[in-house]
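Right, one structure below, let's go through it.
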């Protein structure tokens, strides 16, 4: 659907890296395929070369890249190195734009790299005065505002561990996450804005903090409006008061081992307490730099945007763009308020060059009939990134027809678990409809059959057959590592089993993602990815949304399709027939649902992923233990005791 010009290819960081490796190794790599093969055949050499190429700031270089790439879990990366994550992200301290913040209904506000450095230095000084030391936890219940990034960097400069979740979580969701890790300091705003409405954060934080005794201080940022009454929040202080007496100054960056903890990330927690995944400073720094510099081709001149909350790993991923000196665009609010094209107006206004979003957003735009190409000047836009769920082939058509013809559309897929990608963009290569362009460099990604053998051109389990730097160093409160091993290494011992259902194409090198394998449907023993059905059903104009699950029935599994019709319509006999015919002709008779049920809402996680497993639990009468992980938990009640599913 698109391929870069030779001139554009020659300017990429990836081509520069290939030349760098060839000169350094006296090798003759001549394109992406050569580079990928070398990167997975000689993983330590790849990371050593990339460490130097990317200019990692470290007070001490590593003695060994990795002890054993076959050791999963437990491979030790960059032993002997001493560095600080925040120092690498604050290497630029000039007057170029670091952050461009746009709150819903507000004009952009720019923070320069010098201003960001000064704010981080003040927060770090105040945290230190509060007794925060390396290994302590500092957390954010924050919207996507500049102060969130500054607080994270300040914590990291001291060697504290940062963790955050979005302010639209309920109190239970906050407790299930922060309650497990016992933070010392919590940052919040007075509230946040969404879809034209203001929501307070202070009542939820007051409730949560009363049940987390480890919190000594709650630092309140006056957003979206001025200071609020903090008397009901234990340990609360305004940001201004917290920083009083702490003037901008030179930061002292704690030099720590590469495997020192940086982030604690959380699983969605829709079927139990969220898993707390601990990720290392060195691993995240190198992994993000590889994906941003090489796969996204990010340069200092770029203006990069990702529509994300601070509870989604794409926030952490985007923030690492500071290490390259790019300008980050932060947005807080609804992407459809006051109109569906609000983000494209922003793209024109601030000159976004890399636009990141979710597959769900692109599909919703098309449903709304939005055609940014007709209304906005997007000449600076060179790449659109999409993740969160599989990007339907029809969404590729939409992007190239209605957004921009000359743009790299990079569907990317990975996970919170690794804070990065298994498959993503290749700025040197073409875009094929419905495919992720390539597997990540130095990621030995395969599709495994049920016997643990790699297969191409047919579906299999997504695995990574060699260690990678951003693997969690463990789970919080998992002293013997049993929870960690159970999560990824039981199905195929010694190999990371991710739980996605994929196909690797031998001819293009591209990857198709079919959805979560734990939600894979197995009617009659035939494995069907849920995305295969979504890409048909959600292309039907009369369907607003859908969700598909497998129901255990009479010793087999039958496919159940829940349909949310477009406004004003119903799932009548004619629409049901249209859906069945489309699924049968575009996929196979095996894909056709045994039952179709009309619903008024589809449940989503806070990060806008469909919660198939939770719905599957509900229709089987099993508990859903963590409804607070959902954006719309009340939707689950629609799936209880449905008469049509009892026969």
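Scanning for something farther than 21 Å from residue 134 by Cβ, surrounded by 24 or more Cβ atoms within 10 Å (Cβ to Cβ) and at pLDDT 95 or above, does the range 261-276 turn up at least one residue? No, every residue in the range 261-276 fails to be farther than 21 Å from residue 134 by Cβ, surrounded by 24 or more Cβ atoms within 10 Å (Cβ to Cβ) and at pLDDT 95 or above.
Filter the range 110-133 down to the residues that are over 25 Å from the mean Cα position of the chain (by Cα) and either at positive phi or not in a helix (DSSP H, G or I) (or both), then identify the one that is surrounded by the most Cβ atoms within 10 Å (Cβ to Cβ). Before the answer, list the steps.
Within the range 110-133, the first condition is being over 25 Å from the mean Cα position of the chain (by Cα), and the residues that meet it are 112, 114-115, 117-119, 121-133.
After this cut, where a residue has to be either at positive phi or not in a helix (DSSP H, G or I) (or both) as well, the list is 112, 130-133.
Details: 112: 17, 130: 16, 131: 11, 132: 23, 133: 12.
Top of the filtered list is 132.
If only residues of the range 180-202 that are surrounded by fewer than 17 Cβ atoms within 10 Å (Cβ to Cβ) and either in contact with a strand residue (DSSP E or B) (Cβ under 6 Å, 6 or more places away or on another chain) or within 20 Å of residue 626 (Cα to Cα) (or both) are counted, the one that is modelled with the highest pLDDT is 182. Scanning the range 364-382 for residues that are surrounded by 22 or more Cβ atoms within 10 Å (Cβ to Cβ) and either within 22 Å of residue 603 (Cβ to Cβ) or in contact (Cβ under 8 Å) with a residue 60 or more places away in the chain (or both) yields a single hit, 365.
Taken over the range 1-14, the criterion of being farther than 18 Å from residue 510 by Cα and either surrounded by 19 or more Cβ atoms within 10 Å (Cβ to Cβ) or under 26 Å from the mean Cα position of the chain (by Cα) (or both) is satisfied by 12, 13. If the condition is being touching a residue at least 40 places away in the same chain (Cβ under 8 Å) and either within 21 Å of residue 387 (Cα to Cα) or in contact with a strand residue (DSSP E or B) (Cβ under 7 Å, 6 or more places away or on another chain) (or both), then the range 318-336 contributes 319, 320, 322, 327, 328, 329, 330, 331, 332, 333, 334, 336.
Scanning the range 579-605 for residues that are touching a strand residue (DSSP E or B) at 6+ places or on another chain (Cβ under 7 Å) and in a loop (DSSP other than H, G, I, E, B) returns 593, 594, 599, 600, 601, 602, 603.
Consider the range 294-307 and keep the residues that are in contact (Cβ under 8 Å) with a residue 60 or more places away in the chain and buried (at least 24 other Cβ atoms within 10 Å of the Cβ). The one that is nearest to residue 488 (Cα to Cα) is 295. For the range 306-321, the condition of being within 17 Å of the chain's Cα centre (by Cα), assigned to a loop (DSSP other than H, G, I, E, B) and within 20 Å of residue 90 (Cα to Cα) holds for at least one residue.
Among the residues making up the range 540-572, those that are surrounded by fewer than 19 Cβ atoms within 10 Å (Cβ to Cβ) and assigned to a loop (DSSP other than H, G, I, E, B) are 540, 541, 542, 554, 555, 566, 567, 568, 569, 570, 572.
In the list 146, 167, which residue meets the criterion of being surrounded by fewer than 24 Cβ atoms within 10 Å (Cβ to Cβ) and in contact with a strand residue (DSSP E or B) (Cβ under 6 Å, 6 or more places away or on another chain)?
Values: 167 fails: surrounded by fewer than 24 Cβ atoms within 10 Å (Cβ to Cβ).
Only one candidate passes the filter, namely 146.
Determine whether residue 385 is over 28 Å from residue 567 (Cβ atoms), buried (at least 22 other Cβ atoms within 10 Å of the Cβ) and out of contact with any helix residue (DSSP H, G or I) (no Cβ under 6 Å at 6 or more places or on another chain). It is true that residue 385 is over 28 Å from residue 567 (Cβ atoms), buried (at least 22 other Cβ atoms within 10 Å of the Cβ) and out of contact with any helix residue (DSSP H, G or I) (no Cβ under 6 Å at 6 or more places or on another chain). Could we say that residue 138 is buried (at least 22 other Cβ atoms within 10 Å of the Cβ) and either part of a strand (DSSP E or B) or modelled with pLDDT of 95 or more (or both) here? Yes; evaluated as a whole, the condition is true for this residue.
The values are calculated or read from the model by the stated rules, or taken from the named source; none is laboratory data. As the structure is a prediction and not an experimental result, all values here were calculated from the model. All Cβ positions, glycine included, derive from the backbone under ideal geometry; neighbour counts span all protein chains shown.
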